[in-house]
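Asker: Have a look at the structure that comes next, please.
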Amino acid sequence: MLNEGCKAKIALGCFALLILFFVDVTAKERADTGQHKKPVRNMPEIDATDVGTVDIEQETNIFAAAAVANLSANYGLAAGWDLGLSLLNGQFVSTAVPSVPFQPDLMLSVEKHWLTQDRQLIAGTQSGLGLLAQTTVFMSFSYLEYQRHLPDWDTNVDTGLYYANAALAGFQSVGLHVNIEAPLFDKLRINGDYLSGSNALGAATVKLLYPVVGDWRLGLGVQRPNAYAGDHWVGLVGIYWH
């Protein structure tokens, strides 16, 4: 078990890292680009799914005048392969217009995990169709991640690269990804996540995770888009079944 001093240092490290990101992206804010959807996306699940089991994630992004749903299911295959199916970025509540354009993205994801004792390398891609009011576009997001588990601190640290096509990110984009998840106290954990880039993907996220019933976890957090497009801050509510 971690002592209170170690937990405090980990938590402060997460917040300090994200504060640096917030300061950096504040200098890069720009006017609304007129995109058809809100410019915050949630990273695909990069933890290995046990063979023959399903992981389910439902995250809702809460904007000033809208709410957007992200639902994903991942299935673990043998030899470190994961398959996932997602219905993302579907706007189901809006106070700005009388009729809500749901317009979700239907995405298929494939991941390969190479695991050692406390480390793993993950290569993945998430591709599919963005269902717009006037047309349908092909979206693609690929990533290469290195994950390190620190057993003495019960902490996971992920670093990696991503590529997203123009239909997904607004323009063809390459960027960095950093994720840290660490314990705070009792069963409460903190997760800090950052995608670089002044595009429709770039954002910093901080959320708290807590097990509620059985294999279910509740997540509450906030996101800060790198490129301002109507909301400086976005709320996040998640429910996860592993």
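The values are calculated or read from the model by the stated rules, or taken from the named source; none is laboratory data. Here the structure is a predicted model, which is why all the values come from computation and not from measurement. Glycine gets a Cβ as well: all are built from the backbone with ideal geometry, and neighbour counts include every protein chain shown. Note: areas computed on protein heavy atoms with side chains; ligands, DNA, RNA excluded. Shrake-Rupley method; radii C 1.70, N 1.55, O 1.52, S 1.80 Å.
Asker: Among the residues of the range 103-130, write down those that are at pLDDT below 90 and open to solvent by less than 70 Å² (accessible area, probe 1.4 Å).
Answerer: If the condition is that a residue be at pLDDT below 90 and open to solvent by less than 70 Å² (accessible area, probe 1.4 Å), then Gln103 is the only one that fits.
Asker: Which number in (1) outside any loop (DSSP other than H, G, I, E, B); (2) out of contact with any Pro (no Cβ under 9 Å at 6 or more places or on another chain); (3) under 27 Å from Val54 (Cβ atoms); (4) without any contact (Cβ under 8 Å) to a residue 24 or more places away in the chain marks the one condition that Val213 misses?
Answerer: (1)
Asker: Within the range 150-190, restricting attention to residues that are in contact (Cβ under 8 Å) with a residue 12 or more places away in the chain and polar (S, T, N, Q), which residue is farthest from Asn89 (Cα to Cα)?
Answerer: If we take residues in the range 150-190 being in contact (Cβ under 8 Å) with a residue 12 or more places away in the chain and polar (S, T, N, Q), then Thr155 is farthest from Asn89 (Cα to Cα).
Asker: Taking the range 103-142, which residues are out of contact with any Leu (no Cβ under 9 Å at 6 or more places or on another chain), touching a residue at least 60 places away in the same chain (Cβ under 8 Å) and not in a loop (DSSP other than H, G, I, E, B)?
Answerer: Matches in the range 103-142: Gln120 only.
Conditions (1) at pLDDT below 95; (2) assigned to a strand (DSSP E or B), marked per residue:
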site: Phe92; (1), (2): yes, yes
site: Pro101; (1), (2): yes, no
site: Leu144; (1), (2): no, yes
site: Arg148; (1), (2): no, yes
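Asker: Out of the residues in the range 73-90 that are open to solvent by 20 Å² or more (accessible area, probe 1.4 Å) and part of a strand (DSSP E or B), which is farthest from Thr53 (Cα to Cα)?
Answerer: Among those that are open to solvent by 20 Å² or more (accessible area, probe 1.4 Å) and part of a strand (DSSP E or B), it is Leu87.
Asker: So how many residues does the range 199-228 have that are over 17 Å from Asn179 (Cα atoms), hydrophobic (A, V, I, L, M, F, W, C) and either within 13 Å of the chain's Cα centre (by Cα) or open to solvent by less than 20 Å² (accessible area, probe 1.4 Å) (or both)?
Answerer: 2
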